[in-house]
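Below is one structure, written out as structure tokens; the observations come after it.
The values are calculated or read from the model by the stated rules, or taken from the named source; none is laboratory data. Predicted model only: the values in this text are computed from it and were never measured. Every residue, glycine as well, gets a Cβ built from its backbone with ideal geometry; the counts of neighbours run over all protein chains shown.
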Amino acid sequence: MKIWNYLQSSVIPLFTITALAQKVIDLSTAEWTVSSPAYNISVPGSVPSQVYLDLYYEGVFSDPYFGLRWVTCANWTYEAKLDGLDEAVPTWLLFNGLDTFTSIEVCGQHVASTNNQFRQYYFDVSSILNSCSGAPTLSINFGSAINITADIAAEPGQETWPYGVEGLFEFPNRQFMRKEQSDFEWDWAYVVQLPPSTVYIRNSLLDIYRQGQLNNLPPEQNAPWIVNASLDVLGSVPESASLHLDIIDIDNTTVASGSLQNVTNMDTRIGGSVVVDGQACRLWWPTGLGPQNLYYFKITVLDGGRELASVTKRSGFRTIVLNMMPISDSQLARGIAPGNNWHFEINGQEFYSLGSNFIPPRWYPFCPRVTQTKMKQLFQSVVDGNQNMLRVWASGSYLPDFIYDIADSMGVLLWSEFQFGDALYPVNEEFLDNVREEANYQVRRNNYHPSLCLWAGGNELENLELSVAAAADPGNDKWRQEYEQLFLGVLLPAIYGNTRSISYIPSSTTNGYLELDFSLPFPMIQRYDNKAEGSIYGDTDHYNYDSFVAFNLSTYPVGRFANEFGYHSMPSLQTWEQAIAPEDLHFNSSTIVLRNHHYPAGGSFTNYRNSSKGMGEMTIAAELYYPVPHMADPVANFSAWCHTTQIFQADFYRSQITYYRRGSGFPERQLGSLYWQLEDIWQAPTWAGVEYDGRWKVLHYVAKDIYQPGIVASYFNTTTGDLTAYVTSSLWSLSTGTATLSWYGFDGNLLASPTNLDFLVGALNTTKILQTNTNEIAYDLKDAVLRMNITATGSLPNSDQVKVFKHEYYFHGLDLGEAKLRDPGLVLEYNEQSGNFSIKATKAVAAWVWLDIPAGTLANFNENAFWLVPGDEKREISAKVKNDTSEGNWVHGVTARSLWNNTLA
Ligand SMILES: *[C@@H]1O[C@H](CO)[C@@H](O)[C@H](O)[C@H]1NC(C)=O
Ligand SMILES: *[C@@H]1O[C@H](CO)[C@@H](O)[C@H](O)[C@H]1NC(C)=O
Ligand SMILES: *[C@@H]1O[C@H](CO)[C@@H](O)[C@H](O)[C@H]1NC(C)=O
Ligand SMILES: *[C@@H]1O[C@H](CO)[C@@H](O)[C@H](O)[C@H]1NC(C)=O
Ligand SMILES: *[C@@H]1O[C@H](CO)[C@@H](O)[C@H](O)[C@H]1NC(C)=O
Ligand SMILES: *[C@@H]1O[C@H](CO)[C@@H](O)[C@H](O)[C@H]1NC(C)=O
Ligand SMILES: *[C@@H]1O[C@H](CO)[C@@H](O)[C@H](O)[C@H]1NC(C)=O
Ligand SMILES: *[C@@H]1O[C@H](CO)[C@@H](O)[C@H](O)[C@H]1NC(C)=O
């Protein structure tokens with residue numbers, strides 16, 4: 001309740017709907033009770049809400065994360081009186097999300113049943129209200145999803161799949177329901193009363209594209225813009241109605257205005273479009289690639305001179321395409337391997353997608369993160385981390401508009417998915433119709449955001465589900481046909497039928513299409529495994545928990561784009577302390593093991609066995625590559641272990657990211673790295689780079705470093721001993737620079753005079769600056785490191801300014817546990833005047849230097865997790881504070897450590 005009040009007041013939607021002469025009652029203002037006769041519970045409730053939240057705040061249970069399956073197995077009824085209605089006026093109920101199986105009654109009369117959390121529902125209740133005796137009541141019975149899906153699964157003739165196809169994580173039968181895994185919530189709900197000849201806009205589509213543009217294909221960039229709008233209304237649009245558009249810039253200047261043409265009026269839907277001069281409007285770009293120009297689009301429904309309703313949406317002018325076209329002759333001539341493209345183009349320009357996977361933060365109940373402030377903090381970390389794209393993974397819920405709004409203004413592209421993942425789905429007519437409604441609603445609702453860069457049918461379907469089904473049931477084409485019925489037959493038309501501006505892929509990981517022909521009933525014919533020898537096609541998804549081969553580059557996939565890869569690590573001590581008792585602060589305590597969902601429980605109620613495997617993987621990786629802590633103080637030891645698992649995670653991701661990025665200049669022409677995963681939605685061992693409260697793990701700093709436009713990195717072939725180094729650039733023009741290569745002993749002494757060399761690196765390309773073999777290196781790799789640093793000049797996309805880029809990278813023997821680490825003599829200082837820290841190694845090489853922020857402060861440094869050699873000038877570190885409860889005293893609690901500390905008792 002408290003959280004929701006806060007959320008409600010902090011959400012200022014950037015699109016507004018003006019309704020005239022109508023009465024719209026926001027049901028969050030009604031007095032609700034939530035009850036379960038079976039458990040004899042009846043407590044106050046709220047809207048939007050979640051049954052767990054309402055029960056938790058009313059003290060029905062005390063631990064929000066434990067022993068709550070009984071809530072899931074019960075039915076819950078929300079009930080309220082509807083005050084202030086005029087019973088003579090036509091009246092609708094409008095729900096923007098009911099989770100999931102409900103039975104709705106007004107005045108004790110059945111109105112409707114619903115079964116899809118992701119749809120908008122609206123019901124005309126005028127006649128029921130007319131015959132209502134006494135004060136009208138609204139009652140919504142939310143059925144137990146776990147029980148109802150068990151019943152659906154048991155229906156005669158219901159679909160079944162071969163063993164092992166349906167990914168089982170917590171609850172069985174999830175493929176039968178259109179809901180996320182958490183239970184019984186509801187979004188905004190309204191009662192709308194419409195006097196004669198008025199309408200209420202319940203949903204709207206705004207699509208901005210270049211004239212002639214078709215989905216999935218790069219448009220002509222000189223073509224004028226088309227603005228297409230279409231409004232879904234309650235009530236009935238008069239035949240004589242027209243549409244008017246105003247385009248208003250951020251300073252409230254109207255830049256274009258006029259009537260929409262080719263108006264189609266279908267009573268409850270009215271649409272039209274207009275050509276807008278391409279020169280009048282400034283383009284929207286993702287962060288790092290140009291400015292985020294935004295405009296307000298006001299669409300008004302007019303009848304004669306009378307304004308019936310209007311909607312205003314904030315959007316921008318950009319084209320974004322996932323280009324999967326065949327490799328052209330001119331691309332072949334540039335050394336690109338044959339096959340198909342698989343990369344994004346913004347405003348006609350190919351670019352490198354740098355980012356991660358975003359876990360939809362829809363685990364609402366105890367998740368105060370889902371506020372404007374928290375989401376802005378998170379997106380600030382994305383932008384500060386040099387990330388321009390997030391993949392909004394399928395297994396939560398569709399994002400609310402306010403998160404897209406933040407992404408629009410901060411320039412973060414959001415690859416969005418329909419909520420399907422790691423399963424195959426029923427294809428009976430009822431299910432497909434239900435999904436069709438869902439998809440049309442969601443696409444029309446959020447298509448207008450310039451940050452929206454792709455719709456994907458779902459997570460790990462083509463690469464995982466279809467291959468598991470094919471292996472389990474060889475020769476049976478049924479599974480693939482059913483997959484196509486849903487993902488090409490239902491979802492694709494929801495995109496292509498509503499918008500021209502967005503590309504679609506049926507599965508997030510895919511080899512793309514064999515053919516795209518808009519005259520076919522299914523315009524997209526999938527390639528699947530129809531691959532030619534030596535050709536490269538799709539994007540890649542890579543997990544390997546055998547840490548022994550973590551740095552063996554030959555185990556990484558060669559593809560056009562990496563959309564998922566990762567390894568889990570522990571959060572910091574500070575984060576654990578927020579969630580678990582002091583006696584549980586040791587590596588394999590039961591609480592920690594139960595919070596670790598890798599590997600998932602697979603339907604059982606406790607998860608010691610599968611989780612222990614995942615805990616073991618973190619331990620083994622730490623032991624393989626680093627000195628591991630043996631500290632006397634148990635909490636310090638626990639903290640150092642958590643930190644070491646983070647170093648391995650970051651090290652492993654960096655190795656993959658540098659490999660993928662270098663691929664931009666290799667035959668695979670690799671143009672994307674989205675690691676798994678951006679952020680945590682609770683305190684637990686996960687793949688995240690940002691912990692639950694926003695604290696950066698080692699990974700987020702390392703990703704920030706390696707996602708800079710110009711980087712240097714080494715590449716070691718563990719089989720042959722070949723060692724190379726490359727400079728890689730994601731800029732759009734040629735850069736020139738100098739590299740310095742210097743061998744140091746771990747004692748900090750230079751082993752030879754540094755080598756300087758000049759290089760040129762092309763746009764989205766790479767250049768080799770070192771070729772040797774570790775057998776030819778004169779130094780013992782247990783006591784030598786190669787420092788490589790570059791200074792380059794180039795210009796950022798859409799900027800005339802010449803910029804200087806610097807980057808540094810250390811090559812070392814694979815196992816730092818064997819390295820002759822010495823006390824680096826770190827000296828950390830805080831400068832009151834500048835507010836900056838400085839740090840220096842005074843005695844020896846410092847590996848993985850880490851500045852640690854005390855609990856109670858959310859801040860991040862401009863860099864962290866780097867190496868230092870003595871003799872260099874002290875490193876200046878600035879901090880960005882996002883939330884501080886220490887009144888500024890945290891600066892005195894910052895500590896510095898390096899890998900050397902792992903060797904201390
Ligand atoms: C759901 O199923 C469980 C287990 O069979 C049962 O105890 C419970 O009463 C059912 N709930 C409802 C609302 O029918
Ligand atoms: C539980 O709710 C569902 C959906 O509203 C309904 O069909 C079912 O009859 C309810 N069961 C009980 C025991 O109330
Ligand atoms: C634009 O107009 C709105 C509404 O009239 C007002 O709140 C806002 O401050 C104006 N913005 C600017 C930049 O003038
Ligand atoms: C309106 O329709 C005509 C005929 O189909 C077409 O030529 C024109 O481009 C359309 N105008 C807009 C703005 O879509
Ligand atoms: C990368 O640069 C090299 C050297 O200039 C050039 O031969 C190659 O074609 C470039 N790669 C691409 C994909 O343009
Ligand atoms: C490492 O060398 C082996 C043997 O020459 C080769 O097969 C492999 O492709 C190389 N790995 C990489 C990533 O280049
Ligand atoms: C590399 O770092 C050293 C030490 O800070 C510096 O002297 C040198 O100029 C740097 N080289 C380049 C190319 O930036
Ligand atoms: C700031 O930190 C306090 C204490 O950890 C927390 O309760 C509060 O929610 C945080 N606020 C924001 C906006 O991060």
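For the reader, a short list of remarks on this structure follows.
- Qualifying residue in the stretch 768-775 (condition: charged (D, E, K, R) and either closer than 16 Å to PRO709 by Cα or within 16 Å of ligand 8 (Cβ to nearest atom) (or both)): no
For every residue, the table says whether it meets (1) more than 17 Å from GLN213 (Cα to Cα); (2) at pLDDT 95 or above.
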{"residue": "PRO474", "(1), (2)": "yes, no"}
{"residue": "LYS478", "(1), (2)": "yes, yes"}
{"residue": "GLN485", "(1), (2)": "yes, yes"}
{"residue": "LEU488", "(1), (2)": "yes, yes"}
{"residue": "GLY497", "(1), (2)": "no, yes"}
{"residue": "TYR504", "(1), (2)": "no, yes"}
{"residue": "SER507", "(1), (2)": "yes, yes"}
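- In the stretch 659-677, the residues that are within 11 Å of ligand 5 (Cβ to nearest atom) reach residues that are basic (Lys, Arg) and not in a helix (DSSP H, G or I) with C-beta atoms within less than 7 angstrom, at least six apart or across chains, in these pairs: GLU668/ARG560; ARG669/ARG560; GLN670/ARG560; LEU671/ARG560.
- The one condition in (1) part of a strand (DSSP E or B); (2) loosely packed, with under 14 Cβ neighbours inside 10 Å that ILE525 fails to fulfil: (2)
- With respect to (1) buried (at least 16 other Cβ atoms within 10 Å of the Cβ); (2) part of a loop (DSSP other than H, G, I, E, B), the lone exception for PHE518 is condition (1).
- Where ASN434 falls short, out of the listed (1) within 16 Å of ligand 2 (Cβ to nearest atom); (2) under 12 Å from the mean Cα position of the chain (by Cα): (2)
- Close pairs (6 angstrom Cβ cut-off, 6 or more residues apart or separate chains): assigned by TED's automatic domain parsing to the domain that holds LYS782 in the stretch 744-755, part of a loop (DSSP other than H, G, I, E, B) and of a type in the set (Val, Ile, Thr) anywhere: TYR744/VAL845; TYR744/VAL869; PHE746/VAL845; GLY748/VAL845; GLY748/VAL869
- Cross-chain or 6+ apart pairs with Cβ under 6 Å, the stretch 799-811 first and closer than 16 Å to ARG875 by Cβ, then at pLDDT 95 or above and of a type in the set (Lys, Arg): TYR810/ARG787
- Cβ-Cβ contacts under 7 Å between residues 6 or more apart (or on different chains), taken from a first residue in the stretch 881-893 that is in contact (Cβ under 8 Å) with a residue 60 or more places away in the chain to a second residue that is of a type in the set (A, V, I, L, M), are listed as LYS882/LEU858; LYS882/ALA859; ASN883/LEU858.
- Failed item in (1) assigned to a helix (DSSP H, G or I); (2) in contact (Cβ under 8 Å) with a residue 60 or more places away in the chain; (3) among the charged types (D, E, K, R), with LYS531 passing the rest: (1)
- Each residue in the stretch 234-253 was checked for being surrounded by fewer than 22 Cβ atoms within 10 Å (Cβ to Cβ), in contact (Cβ under 8 Å) with a residue 60 or more places away in the chain and of a type in the set (Gly, Ala, Ser), and 3 pass.
- Checking LEU214, LEU231, LEU205 one by one, the residue that is in a loop (DSSP other than H, G, I, E, B) and touching a residue at least 60 places away in the same chain (Cβ under 8 Å) is LEU214 and no other.
- Looking at THR740, THR720, just one residue is outside any loop (DSSP other than H, G, I, E, B), in the same structural domain as LYS803 (by TED's automatic domain parsing), among the hydroxyl-bearing types (Ser, Thr, Tyr) and modelled with pLDDT of 95 or more, and that residue is THR740.
- All strands (runs of 3 or more DSSP E) inside the stretch 823-896 with 2 or more residues being under 21 Å from PHE648 (Cα atoms): 846-852, 857-861, 866-868
- Of the residues making up the stretch 119-138, not a single one is part of a helix (DSSP H, G or I) and under 33 Å from the mean Cα position of the chain (by Cα).
- Qualifying residue in the stretch 57-70 (condition: farther than 22 Å from PRO136 by Cβ, more than 16 Å from ligand 8 (Cβ to nearest atom), polar (S, T, N, Q) and not in a loop (DSSP other than H, G, I, E, B)): no
- Flag if GLU159 is part of a loop (DSSP other than H, G, I, E, B), in contact with a Ser or Thr (Cβ under 7 Å, 6 or more places away or on another chain), touching a residue at least 12 places away in the same chain (Cβ under 8 Å) and not assigned by TED's automatic domain parsing to the domain that holds PHE418: no
- So SER133, is it away from ligand 5 (no atom under 16 Å from the Cβ) and at pLDDT 90 or above: no
- Set ASN459, ASN434, ASN446: member being closer than 30 Å to TRP225 by Cα, of a type in the set (S, T, N, Q) and in contact (Cβ under 8 Å) with a residue 40 or more places away in the chain: ASN446
- Hits in the stretch 775-798 - residues which are free of Cβ contacts under 8 Å to residues at least 60 places away in the same chain, more than 10 Å from ligand 7 (Cβ to nearest atom) and under 27 Å from GLY288 (Cβ atoms): THR793
- Selection count, the stretch 598-646, where residues are aromatic (Phe, Trp, Tyr), within 26 Å of ARG695 (Cβ to Cβ) and assigned to a loop (DSSP other than H, G, I, E, B): 2
- Qualifying residue in the stretch 820-840 (condition: in contact with a strand residue (DSSP E or B) (Cβ under 6 Å, 6 or more places away or on another chain), within 16 Å of ligand 8 (Cβ to nearest atom) and either in the same structural domain as TRP743 (by TED's automatic domain parsing) or over 25 Å from SER742 (Cα atoms) (or both)): no
- Scanning the stretch 722-734 finds one or more residues that are more than 16 Å from ligand 5 (Cβ to nearest atom) and over 33 Å from the mean Cα position of the chain (by Cα).
- Residue that is nearest to ligand 7 (Cβ to nearest atom) [pool: residues in the stretch 127-161 that are farther than 18 Å from ASN116 by Cβ and either acidic (Asp, Glu) or in contact with a helix residue (DSSP H, G or I) (Cβ under 8 Å, 6 or more places away or on another chain) (or both)]: TRP161
- Test: residue in the stretch 769-778 that is more than 16 Å from ligand 6 (Cβ to nearest atom) and among the polar types (S, T, N, Q): no
- Whichever residue in the stretch 279-297 is surrounded by fewer than 18 Cβ atoms within 10 Å (Cβ to Cβ) and without any contact (Cβ under 8 Å) to a residue 60 or more places away in the chain and, among such residues, is farthest from ligand 3 (Cβ to nearest atom): GLN279
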